[in-house]
Structures are given as C-alpha cells and as structure tokens.
Amino acid sequence: MTDQQNLKSLWGGRFTGGLDPLMQLYNASFPYDQKMYEADIEGTRVYTAGLHKLGLLNDHELSEIHRGLKVVLAEWEAGKFEEQADDEDIHTANERRLGEIIGRGIAGKVHTGRSRNDQVATDMRIYVREQLLEIKRQLKELLGVFVARANVEIDILMPGYTHLQRAQPIRWSHWLLSYATYLSSDLQRLEQVIERVNLSPLGCGALAGHPYGIDRDFLAKELKFDGLVPNSLTAVSDRDFVVETMFWGSLLMNHISRFSEDMIIYSTAEFGFISLADAYSTGSSLMPQKKNPDSLELLRGKAGRVFGGLAGFMMTLKSLPSTYDKDLQEDKEPLFDALVTVSHSIQIATGVLSTLTVEKERMLAALTPDMLATDLADYLVRKGVPFRETHHISGAVVKLAEDKKVGGIDKLSLSELQSVDGRFGEDVVAEVFDFEKSVERRDAIGGTAKSAVLDQIARLKKVLEE
Ligand code: ARG
C-alpha cells in the first residue's frame, strides 16, 4: 500500500507506514457488512439533513450529497458498485464513492460530528429491524399453516407420547397446536426484541456525544426508530440487541428442531404417520428404496449453528472495556448468519408442513387399548373410588390381560374385569374402550376435546390477526 493510498483511508491522517496486507484483510469487514449498504446510505441521508438543520451544510451541499447518495444506492441495486482494495467497510466504501461522484470537498463534510461508532450501531439496528420485520411476516405464515391444518384435520386421532412411549390418545391437531403455541410465544417475544432493537444511537459521535447539538429526536424519527439510546457511551457499545436477536433465533430454532425430530420419527416406516412431499425429501445415492427427510434433519441440525453463533458472540462481548472496541466488529458474521438461517428455516418448515400427507389410518392403528388404562381408572373414580386405588386396580387389569394373552384390556370379559374389582359394570365397554370418548373427555382448556382444540385455534387466529 502506498502512502498516497493510505491517506485515502478515513483514519489515515496520522499514519505514514502501510498496513501489513494480511492485517488489511483481517481488519476489513466489507466482505460481509456490504449487506448493510442501504441502511448506511439512509443513515447518511438523514444525518446530513440533521447537519443541514444546524447550518453545517448549505442547501447546495445537502442536495449534492443527496443526489450522490442516490447514485451510490442505484449502483448497489444494479450490482454495479465497484469495490476498491482499501474499502475497509461499508461505511468507508460508501463515503469514498460519494466523494468520487460529488467531489471530496462536499463529501468530506458528511462525517462532521459522526463517528463510525455511532454509524455502525445505527446501520446495524436499521438492518436488523428490517430483517426481523420480514422474519416476523414469515413466522406468521408458518403459524398460519399450523392453524389451518389443525382446523381441517381436527378429527384425526393419534397416540400422544411421554418418554417416547405411547401414553394417551390425542388429536393430531392438538399435537400440531402444541408447536403453534411455542411459535406464538416466539412471535410475541420477537415483537419485544424489535422494540429494543429499534432505538437510535445516531448523534452520539465516537463516544462522548455530539459537539454541535444535533437533534437526535429528528434523526431517530426520520430513520423510523421508536426512541433513542439515552447514553452516548452505551449507544456506541451496546450490542445487546445482537445478542437478543440471536437468542430469539436460537430459541425459535430449538422449537423447530423439536418439531422436526417428532416429524422425523413419525415419517419412519415403523411409525408411518406422515409422508413428506418429494419437494422436501431426497433419495440415497446407494439405496434406491430410500426417501430421507433431509429438510427436517437440516432444520434440526441448524439449531446448533444459530446457538453456536450466540455463544461465541457472548464470549466476544464478555469483559469488553467501554466503549467501542474492534472486537465488536465480530458481531456481524454470526448475526447475519443467524438471520439468514432462521429465515430460511422458517420458510422450509412452512413448505414441509403445508405439503406433507397425514396417514390417518396408520395413526389410528397405532392406538392401543392399554392407552385407555388411565380412562379405566377414571371410570372407577367417577364411581367414588379414590384415584390411588383405581390406578392400582387398572394396573391389575392390564396385568390380567397380559397374563391371559387376550390381546388388550378391551378383550377381557365383564366377569374377568369384575374378578379384579366388583365395581366394574356393563357400561365399561361403551364408556372406556373408545378413543374418541377418551379424547373428548379432556375438555378443560388446553385439552384434547374438540371444543378445547377449537378454542386454541380461535386464540391463535386472534394472534394472527393482530
Ligand atoms: N467496521 C467497523 C465495525 O463493524 C466499523 C466501526 C469502526 N470504528 C472504529 N472506531 N474503528 O465495527
């Protein structure tokens, strides 16, 4: 690097020696922060309007700057922005290009009172806000698919599991809505995260504030922020919004991974509850009969990647002295990766869920009478027997059916049932050995009865309308 080139870098004034070429690469964030070109240009447009209000730019200078920024934006959008070797980051690159278009004399004024420290924090918050708003839209779409399927397929019954062992009959819809319930919390949490992301650091300079009394409220309002970061030191060094975004994404991915794991299990030949559409499965290069749930495995696997980014950046932040330190540049790659991964994952999950086939006969066939053993105990509870006792009696019935190898508790005769407990009556068959009745009996809020499931659907529809 020549001294001449060096003078062109933003901070080059007091530096005379060149940078080690590897150091230049090591220091540059341009390869990944160029994504923020639009936020950066918008930030400069508004910031210079603020300088103009202060009389630090005249009308001609402001209009030249705004004209130049439009050209720079158009170049980015047409894919024609030409990178130069010493473009350290998106901020220096845009300013360099602006100077080439409108002349360095005027372009040299845009940074008055501003530092890359408040600039990068501003750009990041704008960029993250826009990404999160788009992700919110995608998440609502996914939630909508859950709700729509739950509504249409409400009559399908399946086994519910604990410890991955058959436990009690439930509705397929109920299972779907269990994940929709997680997602609706994710949506609520996302709105809260966006509120904290959407605060303006602009006008805080390098760390100590603005020397010309810029109207920070004006800057914030023009950039569609909801408020200000109230302390200039915090404004330039706070990356909690990055951490929160990645935590939010990690938890969402965690929910998606659990959903995916269930679906992977349900799609095996052993279960056969669902079949994935070809669009979301792949074949094996060796075994022609195979159809693999790659989409679900990737959804499951990528949870680790997003959480890894969060954990890594938490370590970067830990013990940093105030205020801006170059360590903070390490926020971008994990954050951007998390945003892309989360967005793609939500869209893939939406595709998988809206195209899969439910094998309701297989679900029904997987329901076994022993799953009604609790209902059998409940039957006696209704006759006044304490539950601890009925639990024991029902267990004895299960054992009797096993010993007699009759093929299930519903195959025992009434007299065999009565040999365990005399309080079993004629009505036991109709009342207990019916999966639909078992599911319908659980009609308290949050249960498997149709009315309770419809209530969940109604609640979620409300969330979607907001
Ligand atoms: N590219 C830098 C970043 O992303 C911009 C801030 C540079 N500020 C500084 N004082 N060197 O963090």
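Were the residues from R166 through D20 laid out at 0.36 nm apart, the gain over their Cα-Cα distance would be 46.1 nm. For the chain, the longest principal axis of the C-alpha atoms and the axis of helix 294-317 are separated by about 50°. Extension gain for L56-T268 works out to 69.5 nm (0.36 nm per residue, less the C-alpha to C-alpha distance). Computing FRET efficiency as 1/(1 + (r/R0)^6) for R459 and K318, where r is the C-beta to C-beta distance and R0 is 41 Å, gives about 0.55.
Here the gap between V152 and E38, fully extended at 0.36 nm per residue and compared with their Cα-Cα distance, gives a gain of 36.8 nm.
With the charge dipole of segment 113-261 set up from +1 on Lys and Arg Cβ and -1 on Asp and Glu Cβ about the Cα centre, the Cα lying farthest toward the positive end among the listed residues G227, L207, Y161 is that of Y161. Axis of helix 240-266 versus longest Cα principal axis of the chain: the two differ by about 30°, to the nearest ten degrees. Per-residue packing, averaged as other Cβ atoms within 10 Å, sorts the ranges 457-463, 74-80, 350-356 into the order 350-356, 457-463, 74-80, beginning with the highest.
For S115, S200, the sequence from fewest to most other C-beta atoms within 10 Å is S115, S200.
Can you tell me the 0 to 90 degree angle between the C-alpha axis of helix 37-53 and the longest principal axis of the chain, rounded to 10? On a 0 to 90 degree scale, this one is about 50.
By a straight-distance test (C-alpha under 24 Å), which lysines pair with K291 as possible cross-link partners, with residues fewer than eight away in the same chain excluded? Answer for K291, where 24 Å is the Cα cut-off: K302, K360, listed by chain and number. Pairs exceeding a 18 Å alpha-carbon distance, out of K53/K109; K35/K80; K70/K332; K53/K221; K35/K332; K399/K437: K70/K332; K399/K437.
What the Cβ-Cβ distance of E261 and S63 gives, at R0 = 60 Å and to the nearest 0.05, is a FRET efficiency of 0.55. Of G17, I393, S295, which is farthest towards the positive pole of the chain's charge dipole, taken about the Cα centre with +1 and -1 on the beta-carbons of Lys, Arg and Asp, Glu respectively? So the residue we want is I393. For the listed peptides 391-400, 123-132, a ranking on the average number of other beta carbons within 10 Å per residue, highest first, reads 123-132, 391-400. Cβ-Cβ distance of T368 and D427, R₀ of 25 Å, FRET efficiency by 1/(1 + (r/R0)^6): the value works out to about 0.70.
No lab work stands behind these numbers, since they all come straight from the coordinates. Keep in mind that this is a model prediction, so the values were computed, not measured. Heads up, the Cβs are rebuilt from the backbone with ideal geometry, glycines too, and the neighbour counts pull from every protein chain shown.
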